[in-house]
Amino acid sequence: MNSANTKTSNNQESNATASEGGLTRIALRKFKKNFWGVFSLSFLVLCTFIAIFAYALAPDDSENANQMHLSIHSKRPGFEVQMLTIPSNSEKQNGLDKFFFGKKTTASEIPIASYQLTENGIEISEYTSDGSAGLSKEYLHALFLSTKDIKSIPEYYVSVKKFRLGTDKYGRDLLSRMLIGIRVSLAIGFVAVFISLLIGVTLGAVAGYYGGRVDAAIMWLINVTWSIPTLLLVIAITLALGKGFWQVFIAVGLTMWVEVARVVRGQVMGVKQMQFVTAARALGFNDWRIITKHILPNSLAPVIIISAANFAGAILIESGLSFLGIGAQPPTPSWGGIIKDHYAYIILGKPYLAVIPGLAIMSLVTAFMLIGNALRDALDVKN
């Protein structure tokens, strides 16, 4: 008898798996037909590629793209200037560390208007924005150890540097800051969504499955958390944990689980009444197996859609926190932090310094929202 029951159970699970696989293929085909969904997914793949290879792509590969040139601050996109590089002793770094975190120490770069060789080295006139004569300095040949003679200094250490998106108020390359800043936005999204799913799915499944006092207690916690404004709660958690990179991730994640828990609870309450769950109970399966193997796989379609929206929400919250000065701390580049540093330039004739990161945030958030809409349509069995 037990053998027959086990065989029947296995057949039910096999049929369920086959049905689930068929629905997955149908959903995938529907998603592929959605132009904006596919376009947004391709855009996110490109953003992820840029985030991984940020330091390899960035013109300024110093740590946090923090090479400052105050004499060329707030320059327009496409600005070019001659640059004298003064070599320095760099820390020894392995290739992997340099690839992911940039160069720990870099040579000093000095924007120059002109230069001339002298008997002892090279004399330069520093660049000035108003076109006036800059400060003249002489650098001895001994500083340029890799050159055989003075005549070879310009060949190796003087170059024309182009800032494709201009420079920020500290003279840092804006393109490099933007490329590395995408890491913060994507990382905050992934970590926040992971934390929200971990907490939300667990509490929602427990509340929906057991009901009664357990459900009432969890719903009380959900309602209390829901009643507190999200940004205010994030600020409170951030201040409690301290300012920092990972503290922001945790704070945002701890405020986004509520909606996930509510949706999962509702789904579980509906699915647990179905016949295959009743059959699983009759076969003596424990609650853990019923929840994880039978109920949750049939309840996660709406959660996937919410996760896309939460990803976009996490990016916006992080940008808001950075704008308020309690997000990612300088010199870590953050799109919200870049807007904070330059929003005053909107009325000073240089709006691009704030508009460029603003457009980047808008593009990334829109992409996630479009993916969420495409997933909603693809997973809708009625269409």
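The values are calculated or read from the model by the stated rules, or taken from the named source; none is laboratory data. Computed from a predicted structure; not experimentally measured. As a convention, Cβ positions derive from the backbone with ideal geometry for all residues, glycine included, and neighbour counts pool all protein chains shown.
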Problem - In segment 111-120, the residues that are without any contact (Cβ under 8 Å) to a residue 40 or more places away in the chain and surrounded by 16 or more Cβ atoms within 10 Å (Cβ to Cβ) - result: A113
Problem - Near pairs, Cβ below 9 angstrom, 6+ apart or cross-chain, from segment 166-193 (on the phi > 0 side of the Ramachandran plot) to any residue that is part of a strand (DSSP E or B) - result: G166/F79; G166/D173; G171/P111
Problem - Single match in A282, A308 (criterion: loosely packed, with under 13 Cβ neighbours inside 10 Å, assigned by TED's automatic domain parsing to the domain that holds T202, of a type in the set (G, A, S) and modelled with pLDDT of 85 or more) - result: A282
Practice task
Tell me which of these V258 doesn't satisfy, since it passes every other one: (1) more than 15 Å from the chain's Cα centre (by Cα); (2) more than 17 Å from L316 (Cβ to Cβ); (3) not in a loop (DSSP other than H, G, I, E, B).
Solution key: (2)
Practice task
Identify all residues within segment 54-108 that are at pLDDT below 85, more than 19 Å from L145 (Cβ to Cβ) and of a type in the set (S, T, N, Q); write none if there are none.
Solution key: Q93, N94
Practice task
For residues that are β-branched (V, I, T) and out of contact with any helix residue (DSSP H, G or I) (no Cβ under 6 Å at 6 or more places or on another chain), scanning just segment 132-190, find the one that is farthest from T332 (Cα to Cα).
Solution key: I153
Practice task
Test D149 against the criterion of being under 33 Å from the mean Cα position of the chain (by Cα) and not hydrophobic (A, V, I, L, M, F, W, C), and give yes or no.
Solution key: no
Handout entry: Conditions (1) closer than 18 Å to V191 by Cα; (2) touching a residue at least 60 places away in the same chain (Cβ under 8 Å); (3) among the β-branched types (V, I, T); number of the one not met by I371
Key = (1)
Practice task
For segment 121-239, please list each of the helices (runs of 4 or more DSSP H) lying entirely inside it that holds at least 3 residues being surrounded by 20 or more Cβ atoms within 10 Å (Cβ to Cβ).
Solution key: 174-210
Exercise for the section: Go through segment 322-350 and give me each residue that's of a type in the set (A, V, I, L, M, F, W, C) and part of a helix (DSSP H, G or I). Expected result: F323, L324, W335, I338, I339, A344, I346, I347
Practice task
Tell me which residues, restricted to segment 65-107, are touching a residue at least 60 places away in the same chain (Cβ under 8 Å), among the aliphatic types (A, V, I, L, M) and part of a helix (DSSP H, G or I).
Solution key: A65, L70, I72
Practice task
For segment 316-343, name all the residues that are surrounded by fewer than 24 Cβ atoms within 10 Å (Cβ to Cβ) and either modelled with pLDDT of 90 or more or not assigned by TED's automatic domain parsing to the domain that holds L41 (or both).
Solution key: I339, K340, D341, H342, Y343
Handout entry: Filter result (closer than 23 Å to T292 by Cβ and small (G, A, S)) within segment 186-215
Key = S196, G200, G204, A205, A207, G208, G211, G212
Handout entry: Residue check, K162 out of contact with any Leu (no Cβ under 7 Å at 6 or more places or on another chain), over 30 Å from L316 (Cβ atoms) and at pLDDT 90 or above
Key = yes
Practice task
Assess whether I250 counts as being touching a residue at least 12 places away in the same chain (Cβ under 8 Å), at negative phi and outside any helix (DSSP H, G or I).
Solution key: no
